[in-house]
Amino acid sequence: MDQRKTPVLDAIAQYRRGGNYTFALPGHRLGLNVDDRTAAVLSRSTFEADVIMAKQSVSDAEELLAEAVGARQAIFTTCGSSISIHTAMLTVTGPGKKILVDRNVHKSVVASLILAGADPVWLRPRWDQQRQIAHPATAHDVEQALDHHPDVSAVLMITPTEYGTGADTHGIARICHARDTPLLVDEAWGAHFPFHPTLPTAAIHAGADLAVQSLHKADGGLCQASLILLGGDLVDPVDLRLRLDLITTTSPSALLYGSIDGFRHRMAAEGHQLLEEALQRTNKVRTRLTKIPQIDVMNESIIGHDGVAEWDPMKLSIDVSALGITGYQAKDWLQSQHHLTAQLGDARRVVFSLTYTDDTTALNRLTDAIEALAADPPTNDTPAPDIPELEQLNLEQAMNPRQAYFATTEQTSDPTGRISAEMISPYPPGVPAILPGERFNEPVVEYLRAGLAAGMTLPDAADPTLKTFRVVRQ
Ligand SMILES: Cc1ncc(COP(=O)(O)O)c(C=O)c1O
């Protein structure tokens, strides 16, 4: 196929050139009636490009993308990886079926379990005692779990994590396929992985049957642009499209599709070079930051530690705890003092998601700011919450997530021992600390309350103050 083609971008441009006037949707009439205030902020050309897409252009663009990344098929979606994950999960599992799921998942996976009515068999992530973060489970962990639960309908892994540590997708795919079990990989951060060998192995190359990617996270797509990639022959592509049709919009955005088309076009033409240069710049940043004694910068030595099989060097993860501050505070300080936005702040770390767009000027600005932070850190404003041992946060799944979610509920200030009817997900990375059907224990309640006091963002708690929690009424 000719990767220089851009079917979606061409269709948008052609519609605009064609002298069309629409009496159909969208009612903004390609921006004709957009007021000056809206146009000043959003730009009139955004509306001019917001045309109804011809399906043919999208499927041509999907074929080009599938070829560019080595997938059997690609499906463009327009409501983030969340809808792609819902679609994939509704395809590989369903009511009453079991699915083996990495417990370190994003909340969209839990939402999918509720939608599908499936029974999760939790795969416990590897807990890194030293760093107090979770890494993906190993291939051996998956094999053992499948030995215990041979009737699972599929396996879902999340790799790499938001800290950049990745699973042995190759090994896990081999184990799944020996049992004809499809492997679904949430690779939300890795749409560029197929285009450079130094990056973690793209899930689709490692044997995943389905891989989900966000185009806006570490790549050039507009927010909500996402992909489902299909590999192998264990998942029916027709089922996949039917499930997407069930839950997605009937008016998908041409802007989002166009940004996916443009991303693929650019990556096919110059992705390797762009990423090569970005990796070189990133290495320089890491070398410079590693010289600062008071901070700890994650590097490739993480590979092999606690089952970490791959590592994404574009994730710059810095432990600032030796400065006597939390990552939450470091993130806020960088924002308020230097107008630099980090991807994530947690109890110990700030994480920056570097991309091929970040040039030397931007990276020097970041490095200077971190040097300034280390030289003169702010005084600690809130103590870091004690992070319990992972074992203490491994909660009992006492009820099916869907049943608990739709059960009669009540709010209680003392949830210990009760079954949760909500999910509460420290964000980012958005991994629920508790989810519907799990039984609250004391460490999780204390961890969440202390985390909130220390600056943790908990966008989905029923009671944002955490004075009470939503539980299944007894
Ligand atoms: C690992 C992972 N999966 C899925 C999602 C959902 O992606 P989106 O925001 O594109 O819906 C996120 C978002 O943070 C994520 O980090």
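Quick note: the coordinates plus some simple rules give every number you see, no bench work behind them. Note that the coordinates shown come from a computational prediction; the quantities given were computed from them, not determined experimentally. Cβ placement follows ideal geometry from the backbone for every residue including glycine, while neighbour counts extend to all protein chains displayed.
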Query raised in the report: Give me the pairs: first residue in region 215-243 and under 15 Å from residue 84 (Cβ atoms), second residue of a type in the set (Lys, Arg) and away from the ligand (no atom under 11 Å from the Cβ), beta-carbon distance under 6 Å, and six or more apart or on different chains, which are they?
Result: 230/72; 231/72
Query raised in the report: Could you give every pair whose Cβ atoms fall below 9 Å, whose first residue belongs to region 48-72 and is farther than 24 Å from residue 212 by Cβ, and whose second residue is basic (Lys, Arg), counting only separations of at least 6 or pairs across chains?
Result: 48/16; 49/16; 51/16
Report task. Return a yes/no flag: does region 288-307 have any residue that is small (Gly, Ala, Ser) and surrounded by 17 or more Cβ atoms within 10 Å (Cβ to Cβ). Result -> yes
**Report entry** Top-ranked residue of region 251-299 - restricted to ones that are more than 21 Å from residue 311 (Cβ to Cβ), outside any helix (DSSP H, G or I) and polar (S, T, N, Q), ranked as farthest from the chain's Cα centre (by Cα)
**Finding:** 294
**Report entry** Subset of region 331-361 [free of Cβ contacts under 8 Å to residues at least 12 places away in the same chain and assigned to a helix (DSSP H, G or I)]
**Finding:** 335, 336, 361
Query raised in the report: With respect to residue 19, is the statement that it is of a type in the set (Gly, Ala, Ser) and in contact with a helix residue (DSSP H, G or I) (Cβ under 9 Å, 6 or more places away or on another chain) true?
Result: no
Requested in this report: Assess whether residue 181 counts as being more than 15 Å from the ligand (Cβ to nearest atom), touching a Phe, Trp or Tyr at 6+ places or on another chain (Cβ under 8 Å) and within 25 Å of residue 107 (Cα to Cα).
Outcome: no
Report task. Go through region 201-216 residue by residue and tally those that are closer than 19 Å to residue 226 by Cβ and buried (at least 24 other Cβ atoms within 10 Å of the Cβ). Result -> 11
**Report entry** From the options 78, 161, residue that is under 21 Å from residue 423 (Cα atoms) and within 12 Å of the ligand (Cβ to nearest atom)
**Finding:** 161
Requested in this report: Quick one: which residue in 233, 239 is surrounded by fewer than 22 Cβ atoms within 10 Å (Cβ to Cβ), outside any loop (DSSP other than H, G, I, E, B) and away from the ligand (no atom under 16 Å from the Cβ)?
Outcome: 239
Requested in this report: State the number of residues belonging to region 210-228 that are more than 8 Å from the ligand (Cβ to nearest atom) and charged (D, E, K, R).
Outcome: 1
